[in-house]
Amino acid sequence: MAIAGILVQTDAETAEAVWTRLSVDPRIAEVHRAEVPGRMVAVLEAASDRMEQEFKRLAAWDGVLSVDLAYLTYEDELADGGAIKCPPWEPRHRSA
């Protein structure tokens, strides 16, 4: 299991709804309001090979402007098996 500290930024109109949704999400261990309105700090727990999908899932919520990584730890997986399961590499296509 990987554990990530994330910063979630929302628009002002949906901040309360996003905070409520984060509070009941089973993969969110903790959520706290930041001093800046519309920003929240949360702890996300997921299998390491699902972490990217979890970020995409949260970023797709209505009212979420961004989901940014503050920290990421894989300590449990390293202690248990000595390796980290990661998703296969996929090239990113960017336009100019």
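The values are calculated or read from the model by the stated rules, or taken from the named source; none is laboratory data. Keep in mind it's a predicted model, so treat the numbers as computed, not measured. Reconstructed Cβ throughout: ideal geometry from the backbone, glycine too, with neighbour counts over all protein chains shown.
Close Cβ contacts (under 7 Å, 6 or more residues apart or on different chains) running from residues in segment 54-69 that are closer than 13 Å to Arg27 by Cβ to residues that are part of a strand (DSSP E or B) comprise Glu54/Leu44; Glu54/Ala46; Phe55/Val67; Leu58/Val8; Leu58/Val64; Leu58/Val67; Val67/Ile6; Val67/Val8. Among residues of segment 1-24 being within 17 Å of Glu52 (Cβ to Cβ) and surrounded by 15 or more Cβ atoms within 10 Å (Cβ to Cβ), the one that is modelled with the lowest pLDDT is Ala2. Kindly indicate whether Ala17 is without any contact (Cβ under 8 Å) to a residue 60 or more places away in the chain, in contact with a strand residue (DSSP E or B) (Cβ under 6 Å, 6 or more places away or on another chain) and not aromatic (Phe, Trp, Tyr). So Ala17 does not fit the description; no. Residue count for segment 1-59, restricted to those that are more than 11 Å from the chain's Cα centre (by Cα), of a type in the set (S, T, N, Q) and closer than 18 Å to Leu69 by Cβ: 3. Scanning segment 25-74 for residues that are modelled with pLDDT of 90 or more, surrounded by 15 or more Cβ atoms within 10 Å (Cβ to Cβ), closer than 23 Å to Glu90 by Cα and among the aromatic types (Phe, Trp, Tyr) turns up just one, Phe55.
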